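Quick notes on the structure that follows.
Computed from the coordinates by the stated procedures, all read-outs in this text should not be read as laboratory data. Treat the numbers as computed from the prediction; the structure is a model and nothing was measured. Ideal geometry is used to build each Cβ from the backbone, glycine not excepted, and the neighbour counts take in all protein chains shown.
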Amino acid sequence: MGQKANKKRTKENEARAYGKYLRTSPRKLNLVAQMIRGKNAGRALIDLDFNARRISGEVKKVLQSAIANAENNHGLDVDRLVVAEATVGSTLKMKRYHARARGRAAPVVKKFSNLTIVVREAQEEA
């Protein structure tokens with residue numbers, strides 16, 4: 001009896017990593033994620049090192065986790081990995097208020113984001 005096993009979310013030559021509750025808006029995070037989509041994993045790490053945006057350090061950690069998952073859990077060749085997908089999603093919002101003139105208040109919404117990175121082993125080119 002028991003429960004059926006869940007269907008695998010990635011293919012045989014893929015590995016993924018998930019970063020939750022990153023403290024930036026999805027729009028800003030997507031600018032960094034867009035920069036690494038489709039690139040070689042090693043090249044993407046170098047680009048994230050020299051990116052001036054604050055969130056690029058967190059994106060680098062998620063990418064390093066995806067590379068480690070590919071190497072240790074799936075047995076993929078690290079030198080042939082390519083960033084196949086970098087998906088950004090919105091998550092919770094902290095709602096704060098800012099005091100304004102004449103006893104009024106203005107809302108301040110502090111957004112959080114999720115990030116999913118999928119790395120894929122590139123096929124040999126003939």
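Observations on the model:
- Under conditions of 4 °C and 1.567 mPa s, the stretch 75-118 yields 92 µm² s⁻¹ as its translational diffusion coefficient, taking Rh as the Kirkwood radius over Cα pairs in the Stokes-Einstein equation.
- Cα-based Lys proximity count in the chain, under 18 Å, for pairs eight or more positions apart or on separate chains: 17
- Simple point charges give the picture: +1 on the Cβ of Lys and Arg, -1 on the Cβ of Asp and Glu, and for the stretch 40-126 a dipole about the Cα centre of about 1520 debye.
- Highest-fluctuation residue, Leu22, Leu92, Leu48 considered, GNM on the chain with Cα pairs under 10 Å: Leu92
- Residue among Val59, Val78, Val109 with the largest mean-square fluctuation in a Gaussian network model of the chain, springs linking Cα atoms under 10 Å: Val109
- Degrees separating the helix 56-72 axis from the principal Cα axis of the chain, which is the longest one: 30
- The Cα atoms of the stretch 16-121 define a convex hull whose projected area, averaged across directions, is 7.1 nm².
- Multiplying the residue separation of Met94 and Arg37 by 0.36 nm and subtracting their alpha-carbon distance yields 17.6 nm.
- Sequence-distant contacts, meaning Cα pairs under 8 Å at least 6 residues apart, place the relative contact order of the chain at 37 percent.
- Amide H within-cut-off set for Glu85, under 5 Å, with H built and near neighbours excluded: Val118
- Computed from label points 7 Å out along Cα-Cβ, the spacing between Gln64 and Glu124 is 3.2 nm.
- Between Arg102 and Arg53, the FRET efficiency estimated from the beta carbon spacing at R0 = 30 angstrom works out to 0.20.
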